[in-house]
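The values are calculated or read from the model by the stated rules, or taken from the named source; none is laboratory data. Keep in mind that what you see is a predicted model, and the values were worked out from it rather than measured. All Cβ positions, glycine included, derive from the backbone under ideal geometry; neighbour counts span all protein chains shown. Ligands, DNA and RNA are excluded from the accessible area calculation, which covers all protein heavy atoms including side chains. Shrake-Rupley method; radii C 1.70, N 1.55, O 1.52, S 1.80 Å.
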Amino acid sequence: MTWFIDGADDDQMDLDDAVKALEGVAAVLKQLSSDQRRDLLDVLGEMAEAEAEPARREFLEAFPQDFGLIDES
């Protein structure tokens, strides 16, 4: 879903709606427990490794940082 929203143009999705949707995803991810976060990071890593399309792979690799799954400490 976030891949579609991130790549959608104005004809596909209203910009304000896109921002709200991505903020909603980020808010849900922020509430994950440490175990859930670790599991999601593992899945995202596996998805990125298996992805043949370079742009989608780059998106998956950046997802943890872009959505606050990695502590910046």
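Relative to the Cα centre, the charge distribution of the chain, modelled as +1 at Lys and Arg Cβ and -1 at Asp and Glu Cβ, gives a dipole magnitude of about 340 debye.
In whole angstrom, the chain maps to an equivalent ellipsoid with semi-axes of 22, 17, 9, each derived as √(5λ) from the alpha carbon gyration tensor and ordered largest first. A dipole drawn for the chain from +1 and -1 charges on Cβ atoms has a positive end, and of Val19, Pro64, Gln36 the residue lying farthest that way is Gln36.
Once the Cβ-Cβ distance between Ile70 and Met47 is put in as r, and R0 is 22 Å, what FRET efficiency do you end up with, to the nearest 0.05?
It comes out at approximately 0.85.
Per residue, the accessible area of the chain comes to 75 Å², computed with a 1.4 Å probe over protein heavy atoms only.
Using a probe radius of 1.4 angstrom, the carbon and sulfur fraction of the accessible surface of the chain is 49%.
Assign one of three labels to segment 32-73, namely rounded, prolate or oblate, based on the Cα gyration tensor with a ≥ b ≥ c the square roots of its eigenvalues; rounded applies when a/c is under 1.5, prolate when it is not and a/b is larger than b/c, and oblate otherwise. The shape class here is oblate. In a DSSP loop and with at most 12 other Cβ atoms within 10 Å, the GluC sites (Glu not before Pro) in the chain are Glu72.
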